[in-house]
Amino acid sequence: TIQVARHGDWVEITLHRPEKLNSFNEDMHLALRAALDGAAQARAILLTGAGRGFCAGQDLGDRDPARMKGTPDLSQTLTRFYNPLIRQIRALPCPVICAVNGVAAGAGANVALACDIVLAAQSARFIQSFGKIGLVPDAGGTWSLPHLVGMARAKALALTAEPLPAETAADWGLIWKALPDDQLMPEARALADRLAKGPTHGLGQIKAALHAAPGNTMDEQLDLEAATQKLCGAHPDYAEGVAAFLAKRAPVFGAK
Ligand code: LHQ
């Protein structure tokens, strides 16, 4: 259900249930968590999907009410599977790039939005499908959407469940870029490769500082920047970055 390919310092993880548009069942959740655990030392991670879709969210074939006993407790699915996954992606110390190769629906859309840099094929669309089946956006969607595109667009996307084309998603700031379909993977891989050669410690600190921002005042964030910059300044990557700049040469980060 998950394919992992190592490319030197970075790892490409592919959701692989193409006949079900890579929708999540328990096996795929467990395999994805294991793949992310296994990539703990990676200097960048690229997440994408096999076939024509990125991910259609929860596998609803597993959720047919006619075949389930009693009242389903969906909070179990979130606390056991989606919430740990979103927390794991956000807490990873390296950049996580998502290459949305096709439709991203329900929790599939919001897993993509939890990644650090989202690229999408022009033919891809983002759908907050939850509203159609009586659920609320999960996998962080009720947080990510208003933070990324503002409350007016967040509400309309969630309430209407209308598909949002990749180019509009990029115009709105929901994602970083929409690319011609045949350029998506080459560009995503080049970006992963470039970031993996970067100052990994500092990139991780950038990610953490930006994550802290929505919960902080400007004053608190200034203090956080000062504390974080102290850590970064004491890291060998900073010395290498400055030395390389002054010597007019390319930096080599992450020397062991
Ligand atoms: C699928 C699915 C799918 C199974 C396509 N499951 N088979 C959290 C907590 C607990 C429970 C509930 O959920 C959640 C979080 C969520 O993610 S809720 C939202 C769940 N996802 C959806 O509601 C999206 C359902 N899918 C769709 O609306 C469409 O498939 C989209 C718009 C994604 C794609 O449409 P098309 O391009 O027209 O493809 P298709 O509908 O023909 O799908 C292709 C195949 O994939 C098809 O199977 P088949 O055997 O007929 O070829 C679909 O049944 C299957 N598939 N999504 N989520």
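Out of the residues in the range 47-71 that are closer than 18 Å to K132 by Cα and without any contact (Cβ under 8 Å) to a residue 24 or more places away in the chain, state the one that is nearest to the ligand (Cβ to nearest atom). Quick ask: steps written out before the conclusion?
Of the range 47-71, the ones closer than 18 Å to K132 by Cα are 55-65.
Okay, now just the ones that are also without any contact (Cβ under 8 Å) to a residue 24 or more places away in the chain, so 63-65.
Values: R63: 6, D64: 10, P65: 11 Å.
In this case the residue turns out to be R63.
Please state which one of A190, A166, A170 is more than 12 Å from the ligand (Cβ to nearest atom), of a type outside the set (S, T, Y) and farther than 17 Å from T48 by Cα. Spell out the reasoning first.
Values: A190 fails: farther than 17 Å from T48 by Cα; A166 fails: farther than 17 Å from T48 by Cα.
Sole residue among the options that is more than 12 Å from the ligand (Cβ to nearest atom), of a type outside the set (S, T, Y) and farther than 17 Å from T48 by Cα: A170.
Selection of first residues in the range 120-132 that are within 17 Å of L148 (Cβ to Cβ) and of second residues that are of a type in the set (D, E) and part of a helix (DSSP H, G or I), restricted to Cβ pairs under 9 Å at least 6 apart or on distinct chains, gives the following pairs, ordered by first then second residue: A120/E167; A124/D181.
Quick one: which residue in A99, A104 is more than 18 Å from D27 (Cβ to Cβ), small (G, A, S), within 15 Å of the ligand (Cβ to nearest atom) and crowded, with 23+ Cβ neighbours inside 10 Å?
Numbers: A99 fails: within 15 Å of the ligand (Cβ to nearest atom).
Only one candidate passes the filter, namely A104.
Looking only at the range 193-207, residues that are among the small types (G, A, S) and free of Cβ contacts under 8 Å to residues at least 40 places away in the same chain come to 1 in all.
Answer yes or no as to whether K207 is more than 17 Å from the chain's Cα centre (by Cα), in a helix (DSSP H, G or I) and of a type in the set (D, E, K, R).
No, not satisfied.
Is the range 116-128 home to any residue that is near the ligand (Cβ under 10 Å from one of its atoms), in contact with a strand residue (DSSP E or B) (Cβ under 7 Å, 6 or more places away or on another chain) and of a type in the set (K, R)? Looking for residues that are near the ligand (Cβ under 10 Å from one of its atoms), in contact with a strand residue (DSSP E or B) (Cβ under 7 Å, 6 or more places away or on another chain) and of a type in the set (K, R), one finds at least one in the range 116-128, hence yes. Restricting the range 203-248 to residues that are of a type in the set (K, R) and farther than 23 Å from A44 by Cα, the residue that is surrounded by the fewest Cβ atoms within 10 Å (Cβ to Cβ) is K248. All conditions but one from (1) within 14 Å of the ligand (Cβ to nearest atom); (2) part of a helix (DSSP H, G or I); (3) without any contact (Cβ under 8 Å) to a residue 40 or more places away in the chain apply to A35; the one that does not is (1).
Would a scan of the range 125-138 turn up a residue that is surrounded by 13 or more Cβ atoms within 10 Å (Cβ to Cβ) and under 22 Å from E187 (Cα atoms)?
Yes, the range 125-138 contains a residue that is surrounded by 13 or more Cβ atoms within 10 Å (Cβ to Cβ) and under 22 Å from E187 (Cα atoms).
The C-beta contact set for the range 9-32 (first residue of a type in the set (K, R), second residue part of a loop (DSSP other than H, G, I, E, B) and more than 9 Å from the ligand (Cβ to nearest atom), distance under 8 angstrom, 6+ apart or interchain) comprises R17/T1; R17/A50. Hey, among L85, L113, L30, L135, which residue is within 14 Å of the ligand (Cβ to nearest atom), at pLDDT 95 or above, in the same structural domain as V149 (by TED's automatic domain parsing) and over 16 Å from the mean Cα position of the chain (by Cα)? Matching residue, one of L85, L113, L30, L135: L135.
The values are calculated or read from the model by the stated rules, or taken from the named source; none is laboratory data. Keep in mind the model is a prediction, meaning the values are calculated, not measured. Positions of Cβ are backbone-derived with ideal geometry, glycine not excepted, and every protein chain shown enters the neighbour counts.
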